[in-house]
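Derivation of every value follows stated rules applied to the coordinates shown; laboratory data play no part. Everything numeric here is computed off the predicted structure, so don't read it as measured data. Ideal geometry is used to build each Cβ from the backbone, glycine not excepted, and the neighbour counts take in all protein chains shown.
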Ligand SMILES: [Zn+2]
């Protein structure tokens with residue numbers, strides 16, 4: 001097992017190589033192969049402070065130190081990702097999208113998503129929110145219907161029932177999934193972990209058990225045509241995830257969040273397992289971008305430099321699988 005510094009050194013080299021290629025192509029991004037990021041949040045400003053991607057260790061609580069809002073993770077590292085200056089976040093991320101030839105599904109309320117559409121014409125696929133930002137209450141179903149039928153929204157998400165301790169198969173939310181199935185709109189559901197200390201620090205209703213991918217089975221049985229994007233790929237429940245993918249061919253996963261939130265060796269092992277189990281056509285790239293403009297290049301580099309993926313598998317994960325899932329009218333790229 002490589003030491004911490006060895007892993008970092010390998011990653012830094014990889015990042016540098018990717019950065020250099022991207023800089024060379026800075027003014028010709030349309031010639032870079034396109035990338036689809038299926039998981040971006042329509043924030044106005046960076047959310048949170050600087051961040052150590054792929055933290056190698058989740059620290060135990062320490063009564064002598066102030067508990068961090070996102071749990072106990074290492075805060076000294078290299079590389080480190082930084083938030084934007086006030087007022088610059090959307091511009092910074094859009095500049096990266098243009099440089100790297102990224103189109104993204106951007107989730108949020110209509111006003112916030114419109115800001116992103118205006119800032120990045122042709123590069124934003126609009127996704128809804130599922131709860132009101134103010135109080136967390138559910139959006140009225142007629143409002144969601146209008147988003148899809150009149151306002152051009154393409155994906156329903158991020159459906160974060162796990163944070164409420166609710167199963168996606170709970171009857172109380174079935175009408176939303178019935179609407180999505182009826183309108184043939186894909187749904188994006190948070191399944192898996194929610195970060196270090198999530199349940200004991202800031203989301204007391206969060207339940208790890210409600211992220212079990214197999215909880216989607218009853219929902220899928222009720223709505224056999226529903227297209228489901230399992231956000232965060234149900235990490236770390238790989239056996240359950242593979243069982244669901246095997247039984248339900250409309251189910252895809254995204255690697256957003258997980259790709260930068262957990263130790264690098266573990267992230268690569270998880271993605272590799274999905275691919276080697278035969279599901280290379282259903283793994284989609286995503287970032288869960290919410291605060292750090294360089295996160296996009298960083299996360300792409302992890303796929304680009306994965307020695308267990310063929311060049312074709314990399315292109316499928318970075319573009320072709322999401323294009324098929326979203327039914328974009330595009331040739332294989
Ligand atoms: Zn999520």
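Here are the numbers:
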read-out	value
Gain upon complete extension [residue 202, residue 149; 0.36 nm per residue less C-alpha separation]	15.5 nm
For the chain, built as a Gaussian network whose Cα springs stay under 10 Å, the top-fluctuating residue of 171, 110, 224	171
Cβ-Cβ FRET estimate between residue 273 and residue 178, R0 fixed at 30 Å, reported to 0.05	0.35
The range 89-139 and the range 206-237: distance between their alpha carbon centers, rounded to Å	24
Over the range 91-176, relative contact order from alpha-carbon pairs under 8 Å, at least 6 apart, %	24
Rounded, prolate or oblate (a/c below 1.5 giving rounded, otherwise prolate when a/b exceeds b/c) for the chain by Cα gyration tensor	rounded
Residue order, fewest to most surrounding Cβ atoms within 10 angstrom, among 128, 149	149, 128
Per-residue [θ]222 nm for the chain (sum of -39500 (n - 2.57) over DSSP H runs n ≥ 4, rounded to 500)	-10000 deg cm²/dmol
Those residues of the range 298-333 whose amide nitrogen sits under 18 Å from the label point placed on residue 225, 7 Å along Cα→Cβ	325-328
Relative contact order [Cα under 8 Å, 6+ residues apart], the range 220-333, whole percent	23
Sequence-separation-based contact order of the chain, relative, with Cα cut under 8 Å and 6+ spacing, percent	21
Residues 312, 266, sorted so that the one with the fewest Cβ neighbours within 10 Å comes first	312, 266
Residue 85 paired with residue 312, simple spin-label distance in nm, labels 7 Å along Cα-to-beta-carbon	4.8
